[in-house]
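**Q** One structure is given below, represented as structure tokens, and several questions about it will come after.
Throughout, read-outs are computed from the coordinates displayed, never taken from laboratory work. Computed from a prediction, not measured in an experiment: that's the story for all the values here. Cβ sites come from the backbone with ideal geometry, for glycine too, and all protein chains shown count toward neighbours.
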Ligand code: MN
């Protein structure tokens, strides 16, 4: 223990200086207020008016929004998919996250067939064992449900892996409805829940066969094989299962109106259901799959992009608190990797980069354009993920004693989204050419300044964070 502490002091001892941020617009999930905030010893040590501290470096942040560091609760770094591995590993992925104002990611450890949950977790700890630039944790994906796996749930929670992931599609991962019922019930008894990927596997397989048999092999066949009804049906089924299990559940990456309506209906029927969406479903639509020269491949992800109407519905749901979190599902591949599916859309590695752009997009296009309030952005990017995933109030809130994870946004700062100079290890940007107004200026990770003037200046300070149990409180209707 002393040895570990000693190493920690050696690494960070020379810059454990205090920082006093003066006159910032502090944002919480409930609103904003102008105040000073003192960062010391890695935590927020004081919040108030007219704070002074002769030993602190003072920074004037008047007119800037001060957010609790953003948390991205859905990323895939170093994941093996479709015969290749994601372009971002933990080293580049956590650096990209931090550059975009995200001070913590929750990735997905996976128990593959034949493995214990402990083996899955060990594999992911090994994969994330190099340099990390933001804090991180894992959800645990359960792909095989046995009595011994059931016994391991308590061990995972003890290890700080307090939330889980289930798939209703993908043969290597999916559980059947009865297994999902048993898992949700077990997790409820343990005080937690799972996020679930909802798509109807068998029908999608049939649509894929049909499209391929008809010679329809381009990226446009991807959304045609995975219609919104296939997602909505699975969401409905999940909600029925959760209702029978009397267990909370999260529908991850909700993409469309029909699926969202299933969640709303289930809540009315008493199901404790949470919903996540992702920036790609708020900003991009399915017409992109029709782009010439195989460009549509760069937008292949599952579920696929939907319509502009779905985007509008999702934005309203974000504003109304119906959607709890906006995470990225960051799962990045280079254009060369996307070429694996040049002649067969089912071989295109699925996923988009997003961990670097989420905060800037949501602020500029959400808060800046009046779609949501600054407080709503705080809820979906910081506070709700912190509460739901057992990090609150260590993270997700600006409060005395909380980690000094701070994202400073300059609402006047202009930013062009482009592949050039991005930190993420990908040679395209799904939002190429988009001009933002309002962008991340500074980021502190546990008190250390890591981003200055929107540029990543410090890497490698991220750590594994043990999480506690979730807080289910569901507050809707805050605008
Ligand atoms: Mn995912």
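**Q** So what is the calculated 222 nm ellipticity per residue for the chain, using -39500 (n - 2.57) for each DSSP H run with n of 4 or more, over all residues, to the nearest 500 deg cm²/dmol? The partial results should precede the final answer.
**A** On the way: 15 runs with 140 residues, N = 479.
So the helix-based figure for the chain works out to -8500 deg cm²/dmol.
**Q** Rounded to the nearest Å, what's the spacing between the alpha carbon centres of region 131-148 and region 365-414? Just the number, please.
**A** The distance from the Cα centre of region 131-148 to that of region 365-414 comes to 24 Å.
**Q** What percent does the relative contact order of region 234-351 come to when contacts are Cα pairs within less than 8 Å and at least six residues apart? List each step's numbers first, then the result.
**A** Details: 174 pairs, mean separation 30.1, N = 118.
That works out to 25 percent.
**Q** Here is a further query. Give the average over all directions of the projected area of the C-alpha convex hull of region 289-367, one decimal, in nm². Walk me through the numbers on the way to the answer.
**A** Numbers: hull surface 23.7 nm².
Averaged projected area of region 289-367's Cα convex hull equals 5.9 nm².
**Q** Among bridges DSSP assigns within the chain, what percent are antiparallel (round to 5)?
**A** Details: 32 of 67 bridges.
Here the share of antiparallel DSSP bridges comes out near 50 percent.
**Q** Mind computing the radius of gyration and Dmax over the alpha-carbon atoms of the chain? Å is fine for both.
**A** Expressed in Å, the Cα Rg and Dmax of the chain come to 21.5, 73.
**Q** Taking the Cα centroid of region 65-84 and of region 438-464, what is the distance between the two, rounded to the nearest whole Å?
**A** Between the Cα centre of region 65-84 and that of region 438-464, the gap is 16 Å.
**Q** If I model a spin label at residue 369 and residue 316 as a point 7 Å from the Cα along the Cα→Cβ vector, what separation in nanometres do I get?
**A** Reported label-point gap for residue 369 and residue 316 is 1.7 nm.
**Q** Roughly what angle does helix 147-158 make with the longest principal axis of the chain, taking Cα atoms, 0 to 90 degrees, to the nearest 10?
**A** Roughly 20 degrees between the two axes.
**Q** Using 0.36 nm times the number of residues separating residue 400 and residue 81, minus their current alpha carbon distance, what extension gain do you get?
**A** Working: separation 319, 0.36 × 319 = 114.84 nm, distance 4.20 nm.
Between residue 400 and residue 81, full extension yields 110.6 nm more.
**Q** Residue 335 label point, 7 Å along Cα→Cβ, cut-off 15 Å on backbone N: hits in region 263-297?
**A** 291-297, by backbone N distance to the label point.
**Q** Mark the label point 7 Å from the Cα of residue 148 along Cα→Cβ and return the residues of region 99-120 whose backbone N is within less than 14 Å of it.
**A** Taking a point 7 Å out along Cα→Cβ of residue 148, the residues of region 99-120 whose backbone N falls under 14 Å are 112-120.
**Q** For the chain, find the longest principal axis of its Cα atoms and tell me its angle to the long axis of helix 90-99, 0 to 90°, nearest 10.
**A** For helix 90-99, the angle is close to 60 degrees.
**Q** Angle between the Cα long axis of helix 117-127 and the longest principal axis of the chain, 0 to 90 degrees, nearest 10?
**A** 60 degrees
**Q** Round to the nearest 0.05 the FRET efficiency obtained for residue 62 and residue 416 when R0 = 30 Å and r is the Cβ-Cβ distance.
**A** Details: r = 26 Å, r/R0 = 0.85.
Efficiency computed from Cβ-Cβ geometry: 0.70.
**Q** Can I ask one more? Rounded, prolate or oblate: which fits region 13-74 when a ≥ b ≥ c are the square roots of the eigenvalues of the alpha-carbon gyration tensor, with rounded for a/c under 1.5 and prolate only if a/b beats b/c? Walk me through the intermediate numbers first.
**A** Numbers: a/c = 2.22, a/b = 1.21, b/c = 1.83.
Verdict is oblate for region 13-74.
**Q** I'd like the distance separating the alpha-carbon centroids of region 313-355 and region 290-304, in whole Å.
**A** Each part's Cα centre sits 10 Å from the other's.
**Q** Also, quick follow-up: If r is the Cβ-Cβ distance from residue 115 to residue 453 and R0 is 45 Å, what FRET efficiency results, to the nearest 0.05?
**A** Details: r = 45 Å, r/R0 = 0.99.
For R0 = 45 Å, the calculated efficiency reads 0.50.
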